[in-house]
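Before any comments, here is the structure.
The values are calculated or read from the model by the stated rules, or taken from the named source; none is laboratory data. Everything numeric in this text was worked out from a predicted model, so none of it was measured. Counting neighbours? That spans all protein chains shown, and the Cβs are built from the backbone with ideal geometry, glycine included.
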Amino acid sequence: MIKFKKILLALFFSLLFLNKSFSNNEDDVYQKIDLFGEVLDKINKEYVDEVNQSETIDAAINGVLQSLDPYSSYMSPKVFDEMQTETSGKFGGLGIEVGMEAGVVKVISPIDDSPASRVGIKAGDYIVKINEIQVQGKTLNEAVDLMRGPVGTDIEITVRRLGEKKAKIFKITREIINIESVKSKIIDNKIGYLRLSAFNENSSNQVKNKIKKIKKDKKIKGYILDLRNNPGGLLSQAIRITDFFLDYGEIVSTKSRKGSENRKWFSEKGDLIDGKALIVLINYGSASASEIVAGALKDHKRAILVGENTYGKGSVQSIIPLKNKGAIRLTISKYYLPSGKSISEVGIAPDIEVEENSDAFVINTDTDNQLNFALKLLNG
């Protein structure tokens, strides 16, 4: 017990200064440490079950980080390893990007052609039960752990959807998720369509190659960049992809606690689509890196944005490895559009609002009224 208590006290002391709710007064800090030690002692002596020390330490770390904002969190060595696999573009699971909102697990976006998207999970859904286990009160990592399992096994997800009284229950079979982040085609023999579903380490090269392929058709008169249900990813990829469509100007800036670390990124000359008309499709599932691309192209009046308001995630997280081979995801800065505006909790409004027309709506199918509207605009 003494060793356990010392470890947690050291942990609490080292993390305490991250939490802005605590006083900087040294006496007050030591009083809080004494209080924390007393609580741990009571837990160890009085709690109904034996306490798992490792899990308690993980929970303490995660509790401090999640008190900062919904996007900061602790990743155990196992979770960190799985996250690295996801970023590389292949992993097992349901195919949804999730976050926390007011203590509730919220779907940021389902991944294209994933088990979750096929059964009808939508951006903005609130996950309330996983296999009949209540999710509210659990950490994001705990909820994600409940959703993980062997490929081929089933899971039941209960969600609440805004505007609907009854909860929806979805039975989903876990699969290996292969992310093909970029798809393309030529529509009506003259419109280049680029579907970007994630910003992973290969996305910009894929976009560039797809554009080169489309440009071989000399009849192309315009392009559609589809960022709907794209939850984001790597900032570097968002900057490179935005640069493909601009000849000049600022793309994005980041501002952090340390002014010396503030940065700005600018485009280089060379519009890959040669100034042709560009429409960007967005919806509530467009978040983070998607909002950087859409926002910069809108601010420079390089594209017309069609669809629905975006998610509103305007902060940048850094993955910081730890000695135990785990890591923390920590918000280190906020990003700002060329106009100087932040999109945090606000999102980006489309130039032309076109709502999804029904529950049967599926991206890039006959039910896709947003894509059909964009095609009519380009066809004039």
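Quick rundown of the values:
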read-out: Flag for GLU164 being among the acidic types (Asp, Glu), part of a helix (DSSP H, G or I) and either without any contact (Cβ under 8 Å) to a residue 24 or more places away in the chain or more than 24 Å from ASP81 (Cβ to Cβ) (or both); value: no
read-out: Residue check for VAL128: modelled with pLDDT of 90 or more, more than 23 Å from SER288 (Cβ to Cβ), surrounded by 12 or more Cβ atoms within 10 Å (Cβ to Cβ) and outside the structural domain of ARG240 (by TED's automatic domain parsing); value: yes
read-out: Residue in region 176-191 that is touching a Leu at 6+ places or on another chain (Cβ under 6 Å), hydroxyl-bearing (Ser, Thr, Tyr) and either closer than 23 Å to ALA116 by Cα or assigned by TED's automatic domain parsing to the domain that holds VAL98 (or both) present; value: yes
read-out: Some residue of region 171-187 being surrounded by fewer than 20 Cβ atoms within 10 Å (Cβ to Cβ), of a type outside the set (D, E, K, R) and farther than 30 Å from LYS216 by Cα; value: yes
read-out: Unmet criterion (only one of (1) assigned to a helix (DSSP H, G or I); (2) under 25 Å from the mean Cα position of the chain (by Cα); (3) closer than 21 Å to VAL306 by Cα) for PRO231; value: (1)
read-out: Residue tally, condition in contact with a Lys or Arg (Cβ under 9 Å, 6 or more places away or on another chain), closer than 16 Å to ASN230 by Cβ and not in a strand (DSSP E or B), over region 98-120; value: 1
read-out: Of the criteria (1) buried (at least 17 other Cβ atoms within 10 Å of the Cβ); (2) at pLDDT 85 or above, which one GLY92 fails; value: (2)
read-out: Spans of strands (runs of 3 or more DSSP E) in region 300-369 with at least 1 residues within 30 Å of ALA59 (Cα to Cα); value: 315-321, 327-336
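Table: residues versus (1) within 29 Å of SER76 (Cα to Cα); (2) surrounded by fewer than 15 Cβ atoms within 10 Å (Cβ to Cβ); (3) at pLDDT 95 or above; (4) of a type in the set (Asp, Glu).
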{"site": "GLY259", "(1), (2), (3), (4)": "no, yes, no, no"}
{"site": "ILE282", "(1), (2), (3), (4)": "no, no, yes, no"}
{"site": "GLY285", "(1), (2), (3), (4)": "yes, no, no, no"}
{"site": "SER290", "(1), (2), (3), (4)": "yes, no, yes, no"}
{"site": "LEU305", "(1), (2), (3), (4)": "no, no, yes, no"}
{"site": "ASN309", "(1), (2), (3), (4)": "no, no, yes, no"}
{"site": "ILE343", "(1), (2), (3), (4)": "no, no, no, no"}
